[in-house]
Amino acid sequence: MGSHNYPIGFFPMSILILGLVLFLGVHSVRIVADGWRTQTRARLGEGMWKGVYSVLSLVGLVLVVWGYGLARQQPVVLWNPPVAMRHAASLFTLVAFILLAAAYVPRNALKAKLHHPMVLAVKTWALAHLISNGNLADVLLFGSFLLWAVFDFRAARQRDRAQGTSYASGTLAGTGIAVVLGLVAWAVFAFWAHAMLIGISPMGR
């Protein structure tokens, strides 16, 4: 068998792309085939469906993390973001953490108004990292999540309209708790956890 001269970074990018296809593909079933999802879940049973869904999601996530980590060791630079984009990214990630908290805190005004704050959190997080990182792996990773979040949010709002879904009105207390939890989580991650888990301090660049 002859040898293959693959470009530098081919293997990491392949792993990253495979992980993205698997992870986002599993999470896109409800966007593109909601009826099939409902029928298949009924046929397999709730437990089996959740089990298969979780396993495929986990495998995809592992591949994404592995591929992205390898790609960072052989970066393909597409552009160099200005410092202002990094400051903007910090602001966007703060908003993303508040939106994420709003997805779980009951009766807050953000969820009452936006309906799907978790998906918006993913969208804001992805946009923040896309504008502040210029490597090919970053564009693939964060660009893919941004596109997914855009389509998922649209599909979720369409389902809400079709089903007449209503959301509980927000309270001042619920909104305040969501904002405070988001601020605290953002501070912990920005000033400590990001460097520990990712190896990069967003506040030290």
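The values are calculated or read from the model by the stated rules, or taken from the named source; none is laboratory data. Bear in mind the structure is a predicted one, so any value in this text is a computation, not a measurement. Every residue, glycine as well, gets a Cβ built from its backbone with ideal geometry; the counts of neighbours run over all protein chains shown.
Take the residues in segment 52-71 that are surrounded by 16 or more Cβ atoms within 10 Å (Cβ to Cβ) and over 18 Å from the mean Cα position of the chain (by Cα), then tell me which one is nearest to residue 132 (Cα to Cα).
Out of the qualifying residues, it is 71.
Pick from 93, 38: which is over 22 Å from the mean Cα position of the chain (by Cα) and of a type in the set (S, T, N, Q)?
Just one listed residue meets the conditions, 38.
Given the criteria among the basic types (Lys, Arg) and loosely packed, with under 12 Cβ neighbours inside 10 Å, does residue 43 qualify?
yes
Taking residue 59, is it outside the structural domain of residue 151 (by TED's automatic domain parsing) and either in a helix (DSSP H, G or I) or without any contact (Cβ under 8 Å) to a residue 24 or more places away in the chain (or both)?
On the way: outside the structural domain of residue 151 (by TED's automatic domain parsing): yes; either in a helix (DSSP H, G or I) or without any contact (Cβ under 8 Å) to a residue 24 or more places away in the chain (or both): yes.
For residue 59, the condition - outside the structural domain of residue 151 (by TED's automatic domain parsing) and either in a helix (DSSP H, G or I) or without any contact (Cβ under 8 Å) to a residue 24 or more places away in the chain (or both) - is met.
Show the residue pairs that are 6+ apart or on different chains and have beta-carbon atoms under 9 Å apart, the first residue being within segment 141-165 and of a type in the set (D, E, K, R), the second being in a helix (DSSP H, G or I).
From segment 141-165, the pairs are 152/30; 152/31; 152/119; 152/122; 152/123; 154/31; 159/30; 159/34.
Counting residues that are within 23 Å of residue 68 (Cα to Cα) and in contact with a helix residue (DSSP H, G or I) (Cβ under 8 Å, 6 or more places away or on another chain), which helices (runs of 4 or more DSSP H) fully inside segment 87-192 reach at least 3?
So the answer is 117-132, 136-163.
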